[in-house]
Amino acid sequence: MKQNLTQEKLSELSRISLRTLQRIEKKEGSPTADSISKLSLALKQDITGLVEKDLEDNKQQIKILFLSALSFLIFPLLGAIVPSIIWVWEKDKLREFENSIKSLINFQITWVIVFSLTPFFKIPIIYYLLNVILTVIYTIISDTPLFYFRNSGDSHYFVWAILYIFNVYVIIRNTWFLDEKRKINFSPKIPFIK
């Protein structure tokens, strides 16, 4: 319901300062519960009607921010950089999602570190398991045993593939959890940003 009130008139009706109304209109920070209640009474609207549209807009922005982490598919560091840039630009609007955003960025930084260090670690158990799994698969298909990885240095390519798939899964799952109103959890992560 559009009432075509001036800011001055709405300030008078709601008993909220003109400056506060201007900040609310420009979305500079989040209005207090008291301000929302006063606006609701002055506009003769339900509080949920006033807040619902902003929450839906913010939810769409947070989805975009979460999905922007998929930019790691282009270059691994972009998975942390792109969401960080969006967060800095939209920080005031996304205050209520701050912990989830920090969790995403920490997850992406941790992922980049693990991804980057994988070739430097000779992980015998992974090497052995990959050889067993791939040998069994190849033997079933061709009836001839073949060991895929001649040395453990080759196994990091398989680990990279698993890391990529896992990262995509975590991003998509948490974006979907926004609509389901379930707990957002980007894990495992090292808390670089607190």
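The values are calculated or read from the model by the stated rules, or taken from the named source; none is laboratory data. Bear in mind the structure is a predicted one, so any value in this text is a computation, not a measurement. FYI the Cβ positions are ideal-geometry reconstructions off the backbone, even for glycines, and counts take in every protein chain you see. To get the accessible areas, we keep the full protein, side chains included, count just its heavy atoms, and leave off ligands, DNA and RNA. Shrake-Rupley method; radii C 1.70, N 1.55, O 1.52, S 1.80 Å.
Some notes on this structure:
- Residues that are touching a residue at least 60 places away in the same chain (Cβ under 8 Å) and open to solvent by 80 Å² or more (accessible area, probe 1.4 Å), drawn from the range 67-90: 73
- Tally, over the range 154-194, of residues that are of a type outside the set (Gly, Ala, Ser) and part of a loop (DSSP other than H, G, I, E, B): 13
- Selection within the range 168-178 - in contact with a Lys or Arg (Cβ under 8 Å, 6 or more places away or on another chain) and in contact (Cβ under 8 Å) with a residue 24 or more places away in the chain: 175, 178
- Yes/no for residue 4 being modelled with pLDDT under 85 and in contact with an Asp or Glu (Cβ under 8 Å, 6 or more places away or on another chain): no
Conditions tested, residue by residue: (1) under 21 Å from the mean Cα position of the chain (by Cα); (2) modelled with pLDDT of 75 or more; (3) crowded, with 18+ Cβ neighbours inside 10 Å.
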{"position": "111", "(1), (2), (3)": "yes, yes, yes"}
{"position": "120", "(1), (2), (3)": "no, no, no"}
{"position": "132", "(1), (2), (3)": "no, no, no"}
{"position": "138", "(1), (2), (3)": "no, no, no"}
{"position": "147", "(1), (2), (3)": "no, no, no"}
{"position": "152", "(1), (2), (3)": "no, no, no"}
{"position": "157", "(1), (2), (3)": "no, no, no"}
{"position": "166", "(1), (2), (3)": "yes, yes, no"}
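- Considering the range 5-41, and only residues there that are basic (Lys, Arg) and exposed (fewer than 12 other Cβ atoms within 10 Å of the Cβ), the residue that is farthest from residue 90 (Cα to Cα) turns out to be 15.
- When residue 177 is tested against (1) modelled with pLDDT of 70 or more; (2) out of contact with any helix residue (DSSP H, G or I) (no Cβ under 8 Å at 6 or more places or on another chain); (3) more than 30 Å from residue 85 (Cβ to Cβ); (4) surrounded by 11 or more Cβ atoms within 10 Å (Cβ to Cβ), just one condition goes unmet, and that condition is (3).
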